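Some notes on the structure that comes next.
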Amino acid sequence: MNNKPEVNAEVISVSPNKIKVSVDKLEEFKVAEEKLKVGSYLRVSDNEDVALLAIIENFSIVADENGGEPKYIIDASPIGLVKNGKFYRGGDSLALPPKKVEPAKLEDIKAIYENSVNENEKFTFSKLSLNKNVSVPVNGNRFFNKHIAIVGSTGSGKSHTVAKILQKATESKGSSFEGLNNSHIAIFDIHSEYQSAFPSANILGVEKLILPYWLLNSEELEELFLDTEANDHNQRNVFREAIVLNKKYHFSGDSVAKERIHYDSPLYFDIEEILYYIKNRNNEKKDKDNNIKWIDDDEFIFGEDTASRLFKEGLDTKGTSATGTLNGKLINFINRLENKIFDKRLEFIVGSKTKNVTFKNTLESIIGYKNESKANVTIFDVSGIPFEVLSICVSLISRLIFEVGYYNKKYRKSNGQEQNAPILVVYEEAHKYAPKSGLSKYRASKEAIERIAKEGRKYGVTLLLASQRPSEISETIFSQCSSFISMRLTNPDDQNFVKRLLPDTIGDITNILPSLTEGEALLIGDAISVPSLVKVDECEVPPSSSDIKYLEEWRDEWKDVAFAELIKTWSI
Ligand SMILES: Nc1ncnc2c1ncn2[C@@H]1O[C@H](COP(=O)(O)OP(=O)(O)O)[C@@H](O)[C@H]1O
Ligand SMILES: [Mg+2]
């Protein structure tokens, strides 16, 4: 500093949350950082031991009336105090800020970050954007204990950031041991990006995924099999009745437990038997005594005890009158059921494999506990899932993960133990599963994710949402997030959305959002000492980018497309 020209810098005004600083030679006004920018720190102090730190929000130039050098006016927001090398949050403790102002020293900045989190709770995936010598740890327990949102326009670095965070989480070990650590992560990967970043993950695409229809809850089942728009009570009632009866029919436990079986019980039922049941009901008639009767090998009257006889193909009715029965009323429903049950694209939900897996197998496979494929990260490659069932698939998986957390906590508590296997569920492009809009096609997944947002934390299930449209995500979900990583955002609605998350005092810093570069982010929330502008560390093994090198491809020689091969994959 000694050789530099003298800089005149002083605090010229103070309001509760802002300080104004006037500087003459801005170029020379620097210490730790190469150059002051929006987001840099100032140190306001008259002595070495205590200083108020403030973050720069904007610069303006004021021409000198007498034709001299122009002056620079800097607006900054106080963020806290550094006392004897330790940082304390809150900017209002210096009642009368001193006059002396200078750029913050490296030690001051390090005090804000490196010394502000206990060593064993540090979780670091970024550095200060304006000073790469300062790493920015967050409090890892707080960070993962509450929901996290990563927002940014496409190409701003969201997927890269998700991958970096998760790679760090799966790599870090509290002591030296061989093998996997105890991190548990499920990713809904809509663009098949994450496989490359997690080569040893448990990868479940439509070819490998088995999501048994019999684990769907009543709402999901109705969304899949009923024409919900038609709102046909006959359909709904007969379907519900058939499922409850069929679950009881296949149940092998004691009679008390059997009595408790209901529509939502996670128990096996056979969907083809449901189809027969409904076909038989569609043929039913009444005899002159008003009994619904069918002919099997002997005659029987329809009732709860005998209904299981309808779970097979083609019973003939013995009655004569169709009045007051379901006769002929279920034809549309039968067609719809047949279409779903025999749809090749839905094999992973209704195909023969779904009848042979157990509830336990399914849970183990969706959170990476299956013996032959234990993994910290499970990737649901949902890119191949037909759009009309995407919402219920996401809903089913999310709900099962939530319930594993719920019942694990309950079970362990009954043994006097803590929940020991917390899970993080990652939704890429979260606005596609949990939008603000009330459209019924998103209802199932939205409800399941909202439930995790509201209650998951208690049971060790937290969310990490990545989205390019934060303003379009369900408010219920967003309002439950505690850590925000906001990357470049160009849409004003989305910028405002982030602005609303910040205290008014530093809301203006969001003006920087449109000009962030790839991997740069504003880190906000209670896991970090102060809102900070960071650069996320680059992944050694990155997710596969969706960027196509157009110009390079186009400059190359003509390439043929294998249409015949391509068509074979078309209908899958
Ligand atoms: N932290 C980072 N460091 C270096 N490059 C990055 C970083 N984050 C993103 N990038 C670059 O930006 C590109 C887009 O990132 P990506 O994560 O795919 O963005 P998004 O998911 O927001 O669309 C990547 O291909 C990568 O090259
Ligand atoms: Mg992405």
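Spin-label model, K353 to F251: label points 7 Å out along the Cα-to-beta-carbon direction sit 3.0 nm apart.
Return the loop-located trypsin sites (Lys or Arg not before Pro) in the range 46-143 (DSSP other than H, G, I, E, B) with at most 13 other Cβ atoms within 10 Å of their own Cβ; answer none if there are none. Answer by residue number: K99.
Express as a percent, rounded to the nearest 5, the fraction of DSSP beta bridges in the chain (both residues included) that run antiparallel.
Details: 59 of 86 bridges.
In the chain, DSSP labels about 70 percent of beta bridges as antiparallel.
At a 1.4 Å probe radius, carbon and sulfur cover how many percent of the accessible area of the chain? Write down the numbers at each step before the final one.
Details: 13680 of 28650 Å².
Carbon and sulfur: 48 percent of the exposed surface of the chain.
Quick check: the angle from helix 158-171's long axis to the longest principal axis of the chain, C-alpha only, nearest 10 degrees? Here the helix axis deviates by roughly 90 degrees.
From the cross-link list K164/K458; K18/K100; K100/K535; K454/K499; K132/K164, which pairs have alpha carbons spaced over 20 Å apart?
Values: K164/K458 26 Å; K18/K100 16 Å; K100/K535 30 Å; K454/K499 23 Å; K132/K164 17 Å.
The pairs that break the limit, which is 20 Å between Cα atoms, are K164/K458; K100/K535; K454/K499.
Over 22 Å apart at the Cα level, from the set K248/K279; K247/K344; K158/K549; K374/K446, are K247/K344; K374/K446. If you sort E428, E10 by accessible surface, 1.4 Å probe, largest first, the order is E10, E428.
Can you tell me what the convex hull of the Cα atoms of the chain projects to on average, as an area in nm²? Walk me through the numbers before you get to the answer.
Working: hull surface 151.2 nm².
Result: 37.8 nm².
Taking all protein chains as they are arranged and a probe of 1.4 Å, the heavy atoms of Y369 leave approximately 80 Å² accessible to solvent.
What is the calculated FRET efficiency for E557 to F387, with r their C-beta to C-beta distance and R₀ = 45 Å, to the nearest 0.05?
0.80
Phi angles of the range 247-255 translate, via the Karplus equation with coefficients 6.51, -1.76, 1.60 and θ = phi - 60°, into HN-Hα couplings of 5, 5, 4, 8, 7, 10, x, 6, 5 Hz per residue; Gly and Pro are given as x.
As a test of understanding, state the convex hull volume per residue of the range 9-115 from its alpha carbons, in Å³. Intermediate results must be reported in sequence, preceding the final value.
On the way: hull volume 9.9 nm³, N = 107.
In the range 9-115, the Cα hull volume divided by residue count equals 93 Å³.
Modelled this way, with points 7 Å down the Cα-to-C-beta line, the labels at N231 and R89 are 4.8 nm from one another. Are there any GluC sites (Glu not before Pro) in the range 385-420 that are in a DSSP loop and have at most 11 other Cβ atoms within 10 Å? List them by number. Qualifying residues, ordered by number: E418. Inter-label distance, S176 to S200: 1.8 nm, where each label sits 7 Å from its Cα along the C-beta direction.
How big, in percent, is the set of alpha carbon pairs in the range 218-341 lying more than 23 Å apart?
Within the range 218-341, distances greater than 23 Å cover 32 percent of Cα pairs.
List the trypsin sites (Lys or Arg not before Pro) in the range 401-457 that DSSP assigns to loop (not H, G, I, E or B) and whose Cβ has at most 15 other Cβ atoms within 10 Å. Which are they?
Numbers: sites: K409, K410, R412, K413, K432, K436, K441, R443, K446, R451, K454, R457; in loops: K436.
Sites meeting the loop and neighbour criteria: none at all.
Subtracting the Cα-Cα distance of N66 and R500 from 0.36 nm times their residue separation leaves 152.0 nm of extension gain.
For every other residue with a beta carbon closer than 12 angstrom to the beta carbon of Q417, add +1 if it is Lys or Arg and -1 if Asp or Glu, then tell me the sum. Don't skip to the end; give the middle numbers.
Details: positive: K409, K410, R412, K413; negative: E418.
Summing Lys/Arg as +1 and Asp/Glu as -1 gives +3.
Placing a label point 7 Å from the Cα of N17 along the Cα-to-Cβ direction, the residues of the range 64-78 whose backbone N falls under 14 Å of that point are 76-78. Phi angles across the range 139-153 convert, under the Karplus curve 6.51 cos²θ - 1.76 cosθ + 1.60 with θ = phi - 60°, into 3J(HN,Hα) values of 6, x, 5, 5, 4, 7, 6, 10, 6, 10, 10, 10, 10, x, 4 Hz, Gly and Pro given as x. Across the range 9-115, the relative contact order, built from alpha-carbon pairs under 8 Å that are at least six residues apart, equals 32 percent. Stretching K374 away from A322 to a fully extended chain increases their span by 13.1 nm, per 0.36 nm per residue minus the current alpha-carbon distance.
The values are calculated or read from the model by the stated rules, or taken from the named source; none is laboratory data. Quantities reported herein were computed from a predicted structural model and do not represent experimental measurements. Glycine also receives a Cβ, built like all others from the backbone with ideal geometry; neighbour counts cover every protein chain displayed. Just the protein is used for accessible areas: all its heavy atoms, side chains included, with ligands, DNA and RNA removed. Shrake-Rupley method; radii C 1.70, N 1.55, O 1.52, S 1.80 Å.
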